[in-house]
Amino acid sequence: MALTSSNATTAVTPPALDRRRLGVLSVTFMIVAASAPLTVLAGGVTTTFAVTGVMGVPLSFILLGLVLTLFAVGYAAMSRFVTNAGAFYAYIAQGLSRPLGVGAALVALVAYNLMQVGLYGLFGFTVASMLSAKFGIAVPWWVPVIVCIAVVAALGVNRVDLSAKVLGVLVGLEFLAVMVYDIMAFAAAPEGASAVALSPESLFVPGIGAVFSFGIAAFMGFESAAIYGEESKDPRKTVARATYLAVAVISTFYAISAWAMTVGAGPSAIIAESTRSGPDLMFVFLETHGAVLLSDLAQILFVTSIFAALVSFHNAVARYFFSLGREQVVPVVLSRVRRTSGAPFAGSLAQTAIAVVLTTGFAMAGSGSELGELYPVLTMFTWLTNSGALGLVLLMSVVSLAVIGFFLRRGDRDISVWKHRIAPALAFMLLGTVTVLIVVNFDVLLGQPEPTALTYLLPAIIFLPGVAGVLWGLRLKRTRPALYQAIGHGPEQSPED
């Protein structure tokens, strides 16, 4: 395989990703795939109902969608001027400071890796359970994970539009399956088509903080449009349009589907049904009101939904490695690109290696665990994805400040005050509040009856790399000033501070 790399001492062209491959719909598919609609509905929504006991989950998706739309206003405005596969890293470096940008980069790397690897735990459990139930084949949960890692790795080193096409098909099938469920749920309606789950009285009750903490995780991945800016056909328009489209689709779809779930089970029974059946609630409903074949197809699509999210997060991590390696914030070898596909080859391999190592660690630790078959779900999936979601929400709140700082430095008069000042300020306050809610309710997210050392250790895994990154950025400022000046600017010429 032919590779290219940047070098600090020789004058070579900086490595670049495959250009002008992705349009608005392709990037949107990448975003929605990371959010994994079917996984959120079957797993996330039922868990939220069961753990919080709050019926107003559908309304929470609408409110969170509005918050993220506020974030998208400034994010999209800044995307017209900053095109970098490092996304959050570049935005914060250019909008606030380079050391904060390096800190954000490490937080993003940790968060995206945790989200991606955590999903492997759910994937392994789900596939192993299906093989056992449908075919009587007993395999350890980590076997399907290793196979899946290999497939994701193969897609990761090929042209990005190949991944987009695969995800487009899978996401389309997910939406179709959920729409069938929604129609059947509204048709069943044992207590009538009640809108009680959409009323403020159902949401603004004790437990609302935990609802928002669970809910924001359902949107993770929507912010990834800027990661594909360098590979978009028209970065100045594609990133903004894909972000707005993804937020609108995700929030509306989740709200309607969660509402359908309350109608299908009955508002008075949804909490008890979710507690008793968990992720199987949707599949049992389809089997009862439809057919076994319909339920089986939905379960297969549940697996492909997780797979689509794994591919999307893998691509995001690979591009962060590429961006940081290109600017030598991390080892330059990570900037290597495969000439035949334009894919971030080294970053993709690094993410694959991380997934293999962590999966091996959890597999060894879980041998003989008293948690039994649920071990990868209650540990690997729950611990890592909730920690990753915390990191991404934290970054979004900081990016909102970066938008304000970026446009203050530029002094642009052709960007409205709403886009560069008011909307980002509101987004910062609201996302900051959600970040605090996640930290305060972290024991609830982990399903713990009371806080333990793990409650504090997992958030620390997110915050400590940020601190380390800031210190590393300050060190680069003293020891390698030329490299420091280029932080967050990718192949473009770095302006003076």
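Here are some notes:
- Looking only at residues of region 274-286 that are more than 20 Å from Val127 (Cβ to Cβ) and touching a residue at least 24 places away in the same chain (Cβ under 8 Å), we find that the one that is surrounded by the most Cβ atoms within 10 Å (Cβ to Cβ) is Ser274.
- Residues in region 287-325 that are in contact (Cβ under 8 Å) with a residue 40 or more places away in the chain, of a type in the set (D, E, K, R) and over 19 Å from Val27 (Cα atoms): Asp296 only.
- So Ser323, is it out of contact with any Asp or Glu (no Cβ under 6 Å at 6 or more places or on another chain) and either among the polar types (S, T, N, Q) or not in a helix (DSSP H, G or I) (or both): yes
- When Thr352 is tested against (1) of a type in the set (Val, Ile, Thr); (2) surrounded by 23 or more Cβ atoms within 10 Å (Cβ to Cβ); (3) assigned to a helix (DSSP H, G or I), just one condition goes unmet, and that condition is (2).
- For the condition touching a residue at least 12 places away in the same chain (Cβ under 8 Å) and surrounded by fewer than 23 Cβ atoms within 10 Å (Cβ to Cβ), Leu392 does not qualify.
- Of the helices (runs of 4 or more DSSP H) lying entirely inside region 162-271, those containing at least 1 residues that are small (Gly, Ala, Ser) and modelled with pLDDT of 90 or more span 200-203, 235-265.
- Some residue of region 109-117 being under 29 Å from Ser26 (Cβ atoms), open to solvent by 10 Å² or more (accessible area, probe 1.4 Å) and not in a helix (DSSP H, G or I): no
- Filtered by the rule that a residue be touching a residue at least 24 places away in the same chain (Cβ under 8 Å), surrounded by 14 or more Cβ atoms within 10 Å (Cβ to Cβ) and over 17 Å from Thr46 (Cβ atoms), region 174-194 gives Phe175, Val180, Phe186, Ala189, Glu191, Ser194.
- For region 90-105, residues that are within 20 Å of His314 (Cα to Cα) and either over 16 Å from the mean Cα position of the chain (by Cα) or not in a helix (DSSP H, G or I) (or both) total 1.
The values are calculated or read from the model by the stated rules, or taken from the named source; none is laboratory data. Keep in mind that this is a model prediction, so the values were computed, not measured. Note that each Cβ is placed from the backbone with ideal geometry, even for glycine, and that neighbours are counted across all protein chains shown. Ligands, DNA and RNA are excluded from the accessible area calculation, which covers all protein heavy atoms including side chains. Shrake-Rupley method; radii C 1.70, N 1.55, O 1.52, S 1.80 Å.
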